[in-house]
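A.B. asks: Before anything else, here's the structure in question.
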Amino acid sequence: AAVLALSLVGCGGGSSNDGEKKAEKVVIKFSHVVAETTPKGQAALKFKELVEQKSGGQMEVQVFPSSQLVGDKEELEALLANNIQIIAPSVTKLVGFEPSFQLVDMPFLFASDEAAMNFYNGPMGQKLMHSLEPKGMLGIAWWPNGAKHFTNNKRPLKTPEDFKGLKFRTQSGGLLDAQFKALGAGSQTLAFAEVYQALQNGTVDGQENTFNNTDTQKYQEVQKYLTVSGHGRLDYVVLTNTKFWNSLTPEQQNIFNESMQEATEFATKLANELNDKSRENIEASGKVEFYELTEADREKFIKVLEPLYAEYEGKIGKEYIDAAKASK
Ligand code: LMR
């Protein structure tokens with residue numbers, strides 16, 4: 001009953017023939033950490049619009065962007081407690097629950113954006129998405145952001161040697177720490193909301209993110225160099241609380257699913273467009289020197305980072321890595 005009380009607010013508007021659940025207004029809180037002008041921010045608003053329209057206002061979605069309600073760590077706890085009903089964390093942030101999610105951080109694993117999306121939507125991606133169900137979190141969609149690139153404010157990063165002695169922010173420990181260690185750099189896990197300041201005051205020298213996150217967080221104000229590396233992925237798993245889900249009527253679940261499917265299509269179309277636009281914005285700021293890795297540069301990085309495959313294959317699961325490699 002406590003669970004329902006958080007998400008279902010009686011509005012007393014139903015006729016006497018309606019079932020009790022039908023008369024109750026459903027309030028869905030959707031919290032995330034990025035700006036509204038990101039693929040995730042825009043898709044969350046699209047989902048809200050669709051759910052409210054399809055349900056005739058009987059279901060309400062409240063979206064809280066930019067860690068306004070809760071930040072990275074707290075959003076997972078809040079979802080598990082059913083204090084919020086939807087989150088869309090970057091895949092990496094689920095490593096504490098299921099190490100296989102570190103797949104997205106395997107350096108140079110996915111051949112392209114399409115290869116990543118085809119993996120997510122294929123059988124192994126679906127298996128991974130559903131792996132959190134025993135923990136009370138229901139995976140409902142994959143939303144893309146894009147490939148990650150390195151930024152820092154000390155020097156241009158063209159070869160693995162250039163990373164020596166620098167310190168980078170990571171989204172989580174595990175494979176990302178190992179990646180920077182292999183490059184001779186240090187790392188520190190910081191919540192997304194803390195990164196701008198950490199870059200500004202020199203707590204860390206650099207970070208890795210998509211063009212769109214870099215731009216919408218204005219890292220160009222506090223970073224001098226950007227290496228177009230595309231070495232890893234930053235995408236999202238949309239999760240809901242299992243008990244909340246089971247409290248919905250079949251009609252409400254249909255509305256939820258249809259809206260999520262449309263919002264996912266919207267996010268998928270938007271991601272590349274917003275990242276391209278953000279790349280232009282960062283370049284146009286004139287504050288950041290760009291370097292694009294050549295094929296020969298990439299080979300050098302791949303060689304230095306290769307040992308991570310042996311080390312993490314067992315932790316992630318060989319079947320996931322093989323499926324990701326084979327994805328086109
Ligand atoms: C980050 O922490 O860098 C990202 O996960 C933020 C996000 O949600 O895109």
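A.B. asks: In the chain, what % of DSSP beta bridges are antiparallel (nearest 5)? Working shown, then result.
C.D. replies: Values: 23 of 40 bridges.
Counting only bridges with both partners in the chain, antiparallel ones make up about 60 percent.
A.B. asks: Normalised by the number of residues in the chain, what is the relative contact order in percent for Cα pairs under 8 Å and 6+ residues apart?
C.D. replies: Relative contact order comes out at 25 percent.
A.B. asks: Within straight cross-link reach of Lys54, meaning Cα distance under 16 Å, which lysines are found once same-chain residues fewer than 8 apart are removed?
C.D. replies: Straight-line reach from Lys54, under 16 Å: Lys22, Lys25, Lys46.
A.B. asks: Checking the a/c ratio against 1.5 first, then a/b against b/c, what shape does the Cα gyration tensor give for region 220-328? All intermediate terms of the calculation are to be shown ahead of the outcome.
C.D. replies: On the way: a/c = 2.85, a/b = 1.42, b/c = 2.01.
Cα axes put region 220-328 in the oblate bin.
A.B. asks: Please report the relative contact order for region 30-152, taking Cα pairs under 8 Å with a sequence separation of at least 6, and give it as a percent rounded to a whole number.
C.D. replies: After rounding, I find 23 percent.
A.B. asks: Based on the alpha-carbon gyration tensor of region 153-203 and its eigenvalue square roots a ≥ b ≥ c, which shape applies: rounded if a/c is under 1.5, prolate if not and a/b is larger than b/c, or oblate?
C.D. replies: oblate
A.B. asks: Over region 102-211, what is the relative contact order in whole percent, taking alpha-carbon pairs under 8 Å and six or more residues apart?
C.D. replies: Once divided by the residue count of region 102-211, the mean separation gives 27 percent.
A.B. asks: Identify the trypsin sites (Lys or Arg not before Pro) of region 163-200 meeting these criteria: DSSP loop state and at most 12 other C-beta atoms within 10 Å of the C-beta.
C.D. replies: Lys164
A.B. asks: Taking Lys40 as the anchor, which lysines have their alpha carbon closer than 16 Å to its alpha carbon, excluding any fewer than eight residues away along the same chain?
C.D. replies: Lys29, Lys48, Lys93, Lys148, Lys269, Lys277
A.B. asks: If exposed GluC sites (Glu not before Pro) are those in a DSSP loop with at most 15 other Cβ within 10 Å, what is the longest stretch of the chain that has none?
C.D. replies: Of all site-free stretches, the longest is 37-328.
A.B. asks: Go ahead and estimate [θ] at 222 nm for the chain from helices alone: -39,500 (n - 2.57) per DSSP H run with n ≥ 4, summed, over the residue count, rounded to 500.
C.D. replies: The helix-only estimate for the chain comes to -12500 deg cm²/dmol at 222 nm.
A.B. asks: Roughly how many Å is it from the Cα centre of region 154-224 to that of region 30-70, as a whole number?
C.D. replies: Rounded to whole Å, the Cα centres lie 29 Å apart.
A.B. asks: Mind running the shape call on the chain? Use the C-alpha gyration tensor, a ≥ b ≥ c as the square roots of the eigenvalues: rounded below 1.5 for a/c, prolate if a/b tops b/c, oblate otherwise.
C.D. replies: prolate
A.B. asks: Turning to a different aspect of this structure: Could you name the aspartates and glutamates whose alpha carbon sits less than 12 Å from that of Lys328, not counting residues in the same chain fewer than 8 places away?
C.D. replies: Within the straight-line cut-off, Lys328 pairs with Asp113, Glu114.
A.B. asks: Still on this structure, please answer the following. If you add up the charges near Gly136, with Lys and Arg at +1 and Asp and Glu at -1, over every other residue whose beta carbon is less than 15 angstrom from its beta carbon, what do you get? Working shown, then result.
C.D. replies: Numbers: positive: Lys135, Lys243; negative: Glu75, Glu77, Glu98, Glu133.
Local charge sum for Gly136: -2.
A.B. asks: Still on this structure, please answer the following. Taking +1 at the Cβ of each Lys and Arg and -1 at the Cβ of each Asp and Glu, which of Leu132, Ala191, Val237 sits farthest along the dipole of the chain towards its positive end, judged by Cα position relative to the Cα centre?
C.D. replies: So the residue we want is Ala191.
A short reminder: the numbers here are calculations on the coordinates, not readings from a lab. Here the structure is a predicted model, which means the values were calculated and not measured. FYI the Cβ positions are ideal-geometry reconstructions off the backbone, even for glycines, and counts take in every protein chain you see.
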